[in-house]
Each structure stands twice: as C-alpha cells, then as structure tokens.
Amino acid sequence: MNADRVTLYHSLNTRSSSALLLLEELGAPYDLQVLNMKAGENRQPAYLAVNPMGKVPAIRHRGALVTEQVAVFLYLADAFPEAGLAPAIGDPLRGPYLRWMVYYGSSFEPAVVDKARGLASDESVRAMLPYGSYEAALAVVNDQLRQGPYLLGERFTAADILWGAALTWTTMFGFVPETPEIAAYVARHQARPAVARVRERDAALAAAQAA
C-alpha cells in the first residue's frame, strides 16, 4: 500500500468536488470515501467522528486528519510540492497566495452566503462582519482578476482551483454577478482537463447512487 495515498471524504455537488479537483491537478494518489448526503450518511456516527459538523471535504494523509476546505487545500498543495501549485515559504508570492486562500473562507464565502439568505449588511452590523459588505467583498475579487489571468498574475496555483470552482458555482446560481473578469476566469477554469475528469467521475458516482 502506498503510504502517501490521500483518502478524501467526498459527496457529490459539494465543496469536496473542488478538493477532488485539486487532487487531480496535483497528480496525487488518492482513494475516495463517498458519502451520500441525500441518504444522511454524513450525519451518521462513523462520519461525525471524522467531522462533527458532518461537512465535506475531509482528508486523511500520513496519519493526519484535516477538515475545513481551505485547510485541506493548503495542506495538500504543500504536501505535494512537485506539482508547483503552492509558492514555497520564502517565495515572494507566498503571502499573496495565503491571502487569497484565506480571503475565500473568511470573507468571500460568508458574504455570498449572507447575500443568498437575504441578510442585509447595513451599518448597524457591518463592523461585526469579517467582509464589511457583499459589494466590497466582490469588488476586491474583480479588481484582482482584472490583473489576471490568475490570482497571482501569470502563476497558476491551488488558489485558482479553489476560486475557479467556487466562482463556477456561485455565478451558475446567480449568487455572484458574472462580470467580464469573472466570466473569463471561469472559462479558463472550465477548460482545464482535470475539470472534465472530475465532472466525469462525479457523473459516474451519481449514476451509481441512483441505481
């Protein structure tokens, strides 16, 4: 058995699809533990022992258990440095890379979820919000993508896998406006061969669950 294999806890049409995409882009060896969320498998004791919140993705690798989407991305990109998807410590791009990784989970996603739920970010609550306002959170993203083609300029990293997947879904459902910058970024993301492989794999898993 390959001790370097990653076990990914995965469910269809969830945040774990982006983690699966990262594994494909890294060329990392992995096994899937597929959870049927419609059947409530993520709320059963076996998986709650992995993540008490019942959320995916989660991974096991070299004896370590990692939950939380951004933590999974940071861990995996560093664990397989030969793929070149994470600037190394000491690289001038390391700080901007970490910024965009963390900005996704700390500001962008909370802003989009609050907007989707119809929660207003008026002045009375804005000081308590990590993102300030939905409009400001999205403006930061559009401004950066205008400098493209990737978040770190010419360098493609794991951050682009995270953001490419997220912007694909959020624009598809109308949670984020499809500006020219975002549309072009999503198109570049969708054109990557690994995206097609993950789409095909998830389609096969969906057919198996429906059988």
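Table for the structure above
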item: The range 94-193, Rg to Rh (Cα coordinates; Rh as Kirkwood inverse mean 1/r); result: 0.97
item: Efficiency of FRET from Cβ geometry, residue 135 and residue 199, R₀ 41 Å, rounded to 0.05; result: 0.80
item: Full-extension gain in nm, residue 146 to residue 49, via 0.36 nm per residue minus C-alpha separation; result: 30.6 nm
item: Proxy reagent accessibility, fewest Cβ within 10 Å first, across 15, 155; result: 155, 15
item: Angstrom value of the Kirkwood radius, inverse mean 1/r, which spans all Cα pairs in the range 6-85; result: 12.6 Å
item: Inter-part distance where the range 2-48 and the range 62-127 are each reduced to a Cα centre, Å; result: 18 Å
item: Linear extension gain, residue 71 paired with residue 173, 0.36 nm per residue minus alpha-carbon span; result: 34.2 nm
item: Surrounding net charge for residue 194, when Lys and Arg each add one and Asp and Glu each subtract one, Cβ distance under 9 Å; result: 0
item: Helical contribution to [θ] at 222 nm, DSSP H n ≥ 4, -39,500 (n - 2.57), averaged over the chain, rounded to 500; result: -14500 deg cm²/dmol
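Every read-out reported here was derived from the displayed coordinates using simple, explicitly stated rules and does not represent laboratory data. Remember, it's a predicted structure, so these values are computed and weren't measured experimentally. Every residue, glycine as well, gets a Cβ built from its backbone with ideal geometry; the counts of neighbours run over all protein chains shown.
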